[in-house]
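Structure first, then comments.
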Amino acid sequence: MTSNTAMLALAKTEPREGLWQTEVPVPQIGPDQVLVKVSKTGICGTDVHIWNWDEWAQRTVPIPMVVGHEYAGTIVDVGRSVDNLELGQRVSGEGHIVGHTSRAARAGRFHLDPETRGIGVNIPGAFAQYLALPAFNVIPLPDEVDDEIGAILDPLGNAVHTALSFDIVGEDVLITGAGPIGIMATIVARHIGARHIVITDVNQRRLDLAAQLCDVVPVNSATQDLRSEMARIGLREGFDVGFEMSGSAEAFRQMVDTLITGGRIAFLGLPSKPMLVDWSAIVLKSLVIKGVYGREMFETWYKMLAMLQSGLDVRGVITHRLPAAEFRKGFEAIKRGEASKIVLDWSDEGTRGFATEEAVQ
Ligand code: ZN
């Protein structure tokens, strides 16, 4: 189906709910870029926002836009200024394309660059057969990390960035939100050496998956009392560190309430609207709160790969593996709350079904 100049992709082509298969030109690479033949991609909550075409998506995503930012693949073309990467290398990559002129970027704090653009959000993304990527953003994959795990390093990086925000060795950790990133943060916290880890959510299926993958105490906030679960495991004073992964005001209130005095919170969840917070509780408890976004370039990537090479196992968070052509099934499963991480197969086999599916008008 695909000639040298055209490729299959999933794009937002119309300002309404959905994503549609489309044929677009294979990206041209610049001198500092590489071309990646995509093999596997992960579906992210961000992609679901774009699918739903909610307020954030309408404000943020220009149409048409090829979406997707979690990927792995193989380098098939290298720009003439790139001398550190080779044809045939298996890679993943940082999906945030940063500028190099801001104060943060000039200081080497690339993840804090305010000019950051997101692939699959502001610039063409990875739900496609090919992806053009600045060599700066490329992460070569070690042999221990296959393409399936390579495709979820972006959200695993969110989890690692959060989990490494504070020292949690020997500490008691509360994680609010058992989505894929919350579960991966739990596995990372266990790998690093936290003592008690409690994860809360209102979706029992997510909590069951967390408990199945990791030594963690799942608490359903809708039906269980967090305080009595804490008493049951002998946690008298409270949690030392909290990872907020839900963006829920109620979950955050409970976290503030159950942290020790001087506790620390790494806050990754994105509240969908402004959130009412009891600041006096935070002040009187002398809590430290750190906002966490993306991944540190490239310290998070370094640590994440090192942990994957030394036994960190997050594969269980992948609940669905689908041919790219069956992307609709994946989005529907996420929207029904039935899926954790979903990986799409973009190999020739995975994209074959596209040829017969009629484009949606
Ligand atoms: Zn993502």
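The values are calculated or read from the model by the stated rules, or taken from the named source; none is laboratory data. Remember, it's a predicted structure, so these values are computed and weren't measured experimentally. Every residue, glycine among them, receives a Cβ derived from its backbone with ideal geometry; neighbour counts consider all protein chains shown.
For residue 184, the conditions (1) modelled with pLDDT under 95; (2) under 23 Å from residue 341 (Cα atoms) all hold with the exception of (1). The set of residues from the range 140-193 being closer than 14 Å to residue 73 by Cα and surrounded by fewer than 20 Cβ atoms within 10 Å (Cβ to Cβ) comprises 140, 142, 143, 145, 146, 148. Could we say that residue 152 is of a type in the set (A, V, I, L, M), closer than 20 Å to residue 235 by Cβ and at pLDDT 95 or above here? Here the answer is no, as residue 152 does not meet what is asked. Filtering the range 267-287 to residues that are at pLDDT 95 or above and of a type in the set (Lys, Arg) leaves only 285.
Being surrounded by 14 or more Cβ atoms within 10 Å (Cβ to Cβ) and assigned to a loop (DSSP other than H, G, I, E, B) is true for just one of 294, 263, 242. Which residue is that?
Details: 263 fails: assigned to a loop (DSSP other than H, G, I, E, B); 242 fails: assigned to a loop (DSSP other than H, G, I, E, B).
Just a single option satisfies the conditions, and that option is 294.
Among the residues of the range 13-36, the ones that are more than 16 Å from the ligand (Cβ to nearest atom) and in contact with a helix residue (DSSP H, G or I) (Cβ under 8 Å, 6 or more places away or on another chain) come to 7 in all. Scanning the range 37-51 for residues that are touching an Asp or Glu at 6+ places or on another chain (Cβ under 9 Å), closer than 16 Å to residue 336 by Cβ and near the ligand (Cβ under 8 Å from one of its atoms) gives a single hit, 47.
Quick check, is residue 325 within 30 Å of residue 135 (Cα to Cα), modelled with pLDDT of 95 or more and either under 21 Å from the mean Cα position of the chain (by Cα) or not assigned by TED's automatic domain parsing to the domain that holds residue 212 (or both)? Yes, satisfied.
Within the range 174-188, does at least one residue satisfy the condition of being within 16 Å of the ligand (Cβ to nearest atom), farther than 30 Å from residue 5 by Cα and in contact with a His (Cβ under 8 Å, 6 or more places away or on another chain)? Checked against the condition, which is being within 16 Å of the ligand (Cβ to nearest atom), farther than 30 Å from residue 5 by Cα and in contact with a His (Cβ under 8 Å, 6 or more places away or on another chain), the range 174-188 yields no hits at all. Looking at 254, 204, 212, can you tell me which residue is among the polar types (S, T, N, Q), within 22 Å of residue 179 (Cβ to Cβ) and exposed (fewer than 14 other Cβ atoms within 10 Å of the Cβ)? Just one listed residue meets the conditions, 212.
Just to be sure before I move on: is residue 74 more than 16 Å from the ligand (Cβ to nearest atom), modelled with pLDDT under 95, out of contact with any Ser or Thr (no Cβ under 6 Å at 6 or more places or on another chain) and not hydrophobic (A, V, I, L, M, F, W, C) in the structure I sent? In short, no.
Is there a residue in the range 59-75 that is part of a helix (DSSP H, G or I) and either in contact with a helix residue (DSSP H, G or I) (Cβ under 9 Å, 6 or more places away or on another chain) or in contact (Cβ under 8 Å) with a residue 40 or more places away in the chain (or both)?
Applying the first criterion (part of a helix (DSSP H, G or I)) to the range 59-75 yields 59-60.
Then drop every residue that is not either in contact with a helix residue (DSSP H, G or I) (Cβ under 9 Å, 6 or more places away or on another chain) or in contact (Cβ under 8 Å) with a residue 40 or more places away in the chain (or both), which leaves 60.
The answer is yes; a qualifying residue exists.
May I ask you to say which residue of 13, 46, 5, 41 is surrounded by 17 or more Cβ atoms within 10 Å (Cβ to Cβ), among the polar types (S, T, N, Q) and touching a Pro at 6+ places or on another chain (Cβ under 9 Å)?
Numbers: 46 fails: touching a Pro at 6+ places or on another chain (Cβ under 9 Å); 5 fails: surrounded by 17 or more Cβ atoms within 10 Å (Cβ to Cβ); 41 fails: touching a Pro at 6+ places or on another chain (Cβ under 9 Å).
One residue alone meets the criteria, 13.
Select from the range 77-114 the residues that are away from the ligand (no atom under 16 Å from the Cβ), β-branched (Val, Ile, Thr) and in contact with a Pro (Cβ under 8 Å, 6 or more places away or on another chain) and list them in ascending order.
To start, the set of residues in the range 77-114 that are away from the ligand (no atom under 16 Å from the Cβ) comprises 77-91, 98-110, 112-114.
Adding the requirement that they be β-branched (Val, Ile, Thr) leaves 78, 82, 91, 98, 101.
Answer for the range 77-114, where residues must be away from the ligand (no atom under 16 Å from the Cβ), β-branched (Val, Ile, Thr) and in contact with a Pro (Cβ under 8 Å, 6 or more places away or on another chain): 82, 91.
Counting the residues of the range 151-173 that are within 16 Å of the ligand (Cβ to nearest atom) and of a type outside the set (Ser, Thr, Tyr) gives 11.
So which helices (runs of 4 or more DSSP H) are wholly in the range 89-203 and hold at least 2 residues that are free of Cβ contacts under 8 Å to residues at least 60 places away in the same chain?
Values: elements: 103-106, 147-150, 153-163, 180-192.
Fully inside the range 89-203 and qualifying: 103-106, 180-192.
Checked against (1) under 24 Å from residue 340 (Cα atoms); (2) loosely packed, with under 13 Cβ neighbours inside 10 Å, residue 279 passes all but a single condition, namely (1).
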